[in-house]
Amino acid sequence: RQVRRVHGAATAALEWLASTRLGKGLSRFDGWLAAPEHGDFRLASHTVLIREGTPSPPPPPDFCGHPRSGPSDIGALEYKAGACRLDEELAMRHGALFLSLLEDPTGRPPPDWHQGAPEPGATTNADASPSRVIEADPSNYRSLVRQLEPGDHLRLAAGDYPRPLDLRNLRGTAERPIVVSGPAEGAPAVLWGRRGANTVRLRDTAHVVIRHLTLDGGQHNIAGIVLDRGASYAHDITVEYLTIRNYDGAQGNSGITTRAPAWNWTIRNNDIRRVGTGIYFGRPDGGAPFIGGLIENNVVAETIGYGMQIKHQHIRHRLPGMPMEPRQTIIRHNVISKAAGSSSGPQARPNLLLGHFPPEGPGQHDRYLVYGNLFHENPDERLFQGEGNLALYNNLFINTYGDALVVLRHNDVPKEVRILNNTVLARRSGIQMYQPDDRYRQVIAGNAVFAENPVTAPREVRVEHNFTAPFDSAPESLKQPYGGGLGIDLSPTSGALRRDEPMPADHGADLPGFDRDIHGRLRSGERYGAYAEDGGQDDTHALPWNPANCSPCW
């Protein structure tokens, strides 16, 4: 009897251990397949099941009738034998009606963007009146953070905060977000970087607003704001009016980064400089989607690597609350400059790189809208690189060293791509597009491009109504194309860049702000590029906005 009790206890302990991450090892079975809950049994890891089954004699054919060869693959499918399409096999056996069980209703048809879409970040009421205001200082802020509830506003006094701000497992609601802020004016609340610890940590965090803080990394090997890799999610996060500095101990150290699924983030009015990478959303393996973001009115400069990168995305695994409907990520009215401090040679990176959305299932019809931005200088790389579904319009691209923008195959291919009404000044190549998917629309139109190689695109791309000229001829059409600081001005000289033919209506009818120029002025006439009017008429500034303290940005 005693032996049986000991045996039972040992068996229970082993079964418990087997159910843990330690027992399953680093390659847990729930990560072996791409998306089994959606009928997608392709391997996510090609090593865990291949040739791990019966060595001899070979067992019967697999689920799709493919012969097996020893050692066979584990499970119902012999991956070595070729593709086994579950939808095709089920349709052959049971008819097309059965396939409705596998359909993803949000994956098709493509959205009608002409009907408009909700603004990213609209689900969090960041300006809601707090139910409780809690005053904090460097002596008590860490304990007070742990007590925050929906509707609370933790207000940090001016001063030096020596330890990380831990916002893990902190959850507000859409109507009652949790706010953590420093002083809006006067002396700041400064969160100082600490060796071995990221300054602000998020994990399973929702409906939280972070504003009016200064983050100083002290050049330690850390990051500023981080959504931990081991998190399940962080959604409806607002980061605004932050100053982020000195996270440049290494190129991989970022100002703001997400390493787990994230949606409905708003990043606005932040000043990010002297960091390894300014903003980095996603993971190199494509397994941490960034969905429906709004990134606006930020200054990102003096970065060693990327000014900003949003990684490509693989098939999304459903999470509670994750958007299933098509979404758009908006990047607008930002200054992203790499005129100083950047890597050279193999480590050089673009100012902005956008990876593709999921190739199928939820998210396959998502898109990037990139408009009203200034992409400024990159001595060793291009200003912009992208793929997938994206629209770039009413932007300024200035690279007196090399190339401006390229859309090409990286982890996937260019799909729905529109490059419209941009003003481009580039020493070498202006606009380039390579290997687009011809099942989608690609348009390059209405741009003013001053470059040695203005526009390069395959024959199937619709290239029309552009003004092109050599780089050195820019002063004939632009007011002040060369120089540094805020004195640069790419607006047209009097009477320049006028065009006779209107832009086809279908090019931008579904794009917010397309009918206005980079200053927000209605496009009453026809002009090539980002400006609708001659420069110097009503402008108080050469840029369409005036970021605070931005004169040394580049």
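Cut-off under 14 Å on the C-alpha distance; same-chain residues fewer than 8 positions from K80 excluded. Which aspartates and glutamates are left, in chain and number order?
E52, D62
Just to be sure I understand the model, the point goes 7 Å from the Cα along the line to the Cβ. What's the resulting R194 to R516 distance in nm?
In this crude spin-label approximation the distance works out to 4.4 nm.
Short version: what are the Cα gyration tensor semi-axes of segment 396-453, square root of 5 times each eigenvalue, largest first, in whole Å?
22, 13, 8
Determine the per residue accessible area of segment 372-508 with all protein chains present and a 1.4 angstrom probe, expressed in square angstrom.
Numbers: 4960 Å² over 137 residues.
Result: 36 Å² of accessible area for each residue.
Give the Cα extents of segment 268-417 along the principal axes, in whole Å, largest first.
Taking the Cα atoms of segment 268-417, the three principal extents are 42, 31, 28 Å.
In Å², and per residue, what accessible area does segment 216-306 have when probed at 1.4 Å with the other protein chains present?
Value returned for segment 216-306: 23 Å² of accessible area per residue.
For the pair Y440 and Y482, how long in nm is the line joining their label points, each one 7 Å along Cα→Cβ?
Going by the 7 Å Cα→Cβ label model, 3.8 nm.
Taking R0 as 45 Å, what's the FRET efficiency between R498 and M324 from their Cβ-Cβ distance, rounded to 0.05?
0.45
With a ≥ b ≥ c the root eigenvalues of the C-alpha gyration tensor of segment 343-427, is it rounded (a/c under 1.5), prolate (a/b larger than b/c) or oblate?
In terms of gyration-tensor shape, oblate.
Just the Cα atoms of segment 224-267, one point each, no solvent: what log10 I(q)/I(0) does Debye give at q = 0.13, 0.16 Å⁻¹?
-0.31, -0.47
So what J values fall out for segment 361-376 if you push phi through Karplus, 6.51 cos²θ - 1.76 cosθ + 1.60 with θ = phi - 60°, rounded to Hz, Gly and Pro as x?
Taking θ as phi minus 60°, the curve returns x, x, x, 5, 9, 4, 8, 9, 10, 10, 8, x, 9, 10, 9, 10 Hz for segment 361-376.
Which value results for Rg/Rh of segment 416-500 when Rg is the Cα radius of gyration and Rh the Kirkwood radius based on the inverse mean 1/r?
Expressed as Rg/Rh, it is 1.02.
The values are calculated or read from the model by the stated rules, or taken from the named source; none is laboratory data. Given the structure is predicted, the values throughout are model-derived calculations rather than measurements. Please note: Cβ atoms are built from the backbone with ideal geometry, for glycine as well, and neighbour counts cover all protein chains shown. SASA here: full protein model, heavy atoms, side chains in, ligands and nucleic acids out. Shrake-Rupley method; radii C 1.70, N 1.55, O 1.52, S 1.80 Å.
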